[in-house]
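**Student:** So that we are looking at the same thing, I have put the structure below in structure tokens.
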Amino acid sequence: MRENNLASSFSRLVSVAPMMDWTDRHCRFFHRLIAPDVLLYTEMVTTPAIMHGDREKLLGFDAAEKPLALQLGGNDADALARCAEIGEQWGYDEINLNCGCPSDRVQEGAFGACLMAEPQTVAASVAAMRRAARIPVTVKSRIGIDDQDSYEFLKHFIETVAAAGCDTFIIHARKAILKGLSPKENRTVPPLIYDHVYRIKQEFPQLQIVINGGIKTTAEVREHLRHTDGVMIGREAYQNPWWLNELQNEILQKPNVKTPQDIVHEMLPYIEQQLTRGTRLSAITRHILGLFQGIPGARKWRRILTEDAVKPGADADVIFHALHAVASG
Ligand SMILES: Cc1cc2nc3c(=O)[nH]c(=O)nc-3n(C[C@H](O)[C@H](O)[C@H](O)COP(=O)(O)O)c2cc1C
């Protein structure tokens, strides 16, 4: 283990979950404007993709997105170590190993949630990643898989991986069912058992334990923070992004006094820059559809962006038009 592993210099109190197809760089840039101090995660990137793919496309990000964690998918310690090193070189602040994804594709590759059945493999991978990179290496898991769903199973997993030097775990508080449920069903059907996550924090107070799964209100965030070191928010952050501003102001208590309209105006230079690079407008606007949720005009905003941003040659005028519609309610 390297002696000089860096302690994290950012807060884990509130983070936005890694979400494939959702938390791409455009989404993260947008979330960052809303909440300067939440920790952001990439989508999962697999080790073969990084080793053989287009790294700029897979790993490129805007410095404004930091603090930013790179989530890796894989099960080969050497490849994970190499990718952790590459992630550090690209400027990421944390490397996270996915031990929670139940999709068939991921199971075929024998990583993601399957890895919960192999804590020694995860421990060896974590140790190798920590030797290769100085930034923190963290693990995101479920509370169990299939019928391996006892508290003792989770405890053994955490204990084994922590012994390899992982001191931060993000735990999605429901088990994954590897056969018969789609990834989407695996985010709703197995029940949430927050208590197992709380108990891990009680038994391993030296570890940073971040809880995830089904968190939707600031009151719930406050309650979870009585028992854990941080909350990770997935779907609600994506669908109702303005909530992140409330979390920034009330939980992180570093107020970012803005309106949703301010955020749209702040997005414009970024959008212009991306358009000149050949990015389609809709690749960015699809992430901002939920910004005005609960505000009069929200439906018009959503409709104009959905319909007009996909038209050939669509540019920032679509945004002005949609903003105007929000203003007129
Ligand atoms: C569209 C989508 C894609 C996801 N992709 C990933 C992923 O790449 N890696 C991962 O660890 N979890 C992934 N997840 C799971 C989330 O990170 C999170 O654990 C889950 O949604 C539960 O949190 P929530 O109830 O706050 O949404 C994904 C979830 C969604 C909705």
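**Student:** Going residue by residue through segment 180-188, is there one that turns out to be of a type in the set (D, E, K, R), farther than 24 Å from TRP22 by Cβ and more than 18 Å from the chain's Cα centre (by Cα)?
**Tutor:** no
**Student:** Would you mind finding the one in GLY91, GLY87 that is more than 16 Å from GLY165 (Cβ to Cβ), surrounded by 24 or more Cβ atoms within 10 Å (Cβ to Cβ) and under 20 Å from the mean Cα position of the chain (by Cα)?
**Tutor:** Result: GLY87 is the single residue among GLY91, GLY87 that is more than 16 Å from GLY165 (Cβ to Cβ), surrounded by 24 or more Cβ atoms within 10 Å (Cβ to Cβ) and under 20 Å from the mean Cα position of the chain (by Cα).
**Student:** Now for a different question. List pairs: first in segment 280-293 and outside the structural domain of TRP243 (by TED's automatic domain parsing) and within 20 Å of ALA327 (Cα to Cα), second in a loop (DSSP other than H, G, I, E, B) and polar (S, T, N, Q), Cβ under 6 Å, 6+ apart or cross-chain?
**Tutor:** GLY290/ASN240; GLN293/ASN240
**Student:** Kindly provide the set of residues from segment 309-324 that are surrounded by 19 or more Cβ atoms within 10 Å (Cβ to Cβ) and farther than 14 Å from PRO260 by Cα, ordered by number.
**Tutor:** Listed by number, the residues that qualify are ALA309, VAL318.
**Student:** Among the numbered criteria (1) assigned to a helix (DSSP H, G or I); (2) surrounded by 15 or more Cβ atoms within 10 Å (Cβ to Cβ); (3) of a type in the set (S, T, N, Q), which one does ASN256 miss?
**Tutor:** (1)
**Student:** Another question, if that's okay. Does GLN261 satisfy the condition of being out of contact with any strand residue (DSSP E or B) (no Cβ under 6 Å at 6 or more places or on another chain), more than 16 Å from the ligand (Cβ to nearest atom), among the polar types (S, T, N, Q) and over 17 Å from ALA35 (Cβ atoms)?
**Tutor:** When the stated conditions are applied, GLN261 does not pass them.
**Student:** A further question on this structure: Kindly list, by first and then second residue, each pair from a residue in segment 210-230 that is closer than 16 Å to ILE193 by Cα to a residue that is within 13 Å of the ligand (Cβ to nearest atom) and part of a helix (DSSP H, G or I), limited to pairs with Cβ atoms under 6 Å and residues at least 6 apart or on different chains.
**Tutor:** ILE211/VAL197; ILE211/HIS224; LYS216/GLU236
**Student:** If you don't mind, there's one more thing I want to ask. Just checking, which of ILE171, ILE158, ILE177 is out of contact with any Pro (no Cβ under 9 Å at 6 or more places or on another chain) and crowded, with 16+ Cβ neighbours inside 10 Å?
**Tutor:** The unique qualifying residue is ILE171.
Yes/no per residue for (1) in contact (Cβ under 8 Å) with a residue 24 or more places away in the chain; (2) within 16 Å of the ligand (Cβ to nearest atom); (3) assigned to a helix (DSSP H, G or I):
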{"site": "SER8", "(1), (2), (3)": "yes, no, no"}
{"site": "MET19", "(1), (2), (3)": "yes, yes, no"}
{"site": "GLU56", "(1), (2), (3)": "no, no, yes"}
{"site": "ALA81", "(1), (2), (3)": "yes, no, yes"}
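**Student:** So in segment 200-236, with the set limited to residues that are among the basic types (Lys, Arg) and away from the ligand (no atom under 14 Å from the Cβ), which one is surrounded by the fewest Cβ atoms within 10 Å (Cβ to Cβ)?
**Tutor:** Within segment 200-236, the match that is surrounded by the fewest Cβ atoms within 10 Å (Cβ to Cβ) is ARG226.
**Student:** Answer yes if at least one residue in segment 125-135 is within 16 Å of the ligand (Cβ to nearest atom) and within 26 Å of ARG235 (Cα to Cα), and no otherwise.
**Tutor:** So far as segment 125-135 goes, no, none of its residues is within 16 Å of the ligand (Cβ to nearest atom) and within 26 Å of ARG235 (Cα to Cα).
**Student:** A follow-up question, please. So LYS184 ticks every box in (1) within 10 Å of the ligand (Cβ to nearest atom); (2) crowded, with 23+ Cβ neighbours inside 10 Å but one. Which box is left unticked?
**Tutor:** It fails just one condition, (2).
**Student:** Restricting the search to segment 44-58, which residues are touching a strand residue (DSSP E or B) at 6+ places or on another chain (Cβ under 7 Å) and within 18 Å of THR23 (Cβ to Cβ)?
**Tutor:** MET44, VAL45, THR46, LEU58
**Student:** Taking the stated definitions as given, is GLY214 assigned by TED's automatic domain parsing to the domain that holds SER125, closer than 20 Å to GLU236 by Cα and of a type in the set (Gly, Ala, Ser)?
**Tutor:** Here the answer is yes, as GLY214 does meet what is asked.
The values are calculated or read from the model by the stated rules, or taken from the named source; none is laboratory data. What you see is a predicted model, and the numbers here were worked out from it, not measured in a lab. Cβ: placed from backbone, ideal geometry, glycine included. Neighbour counts: every protein chain shown.
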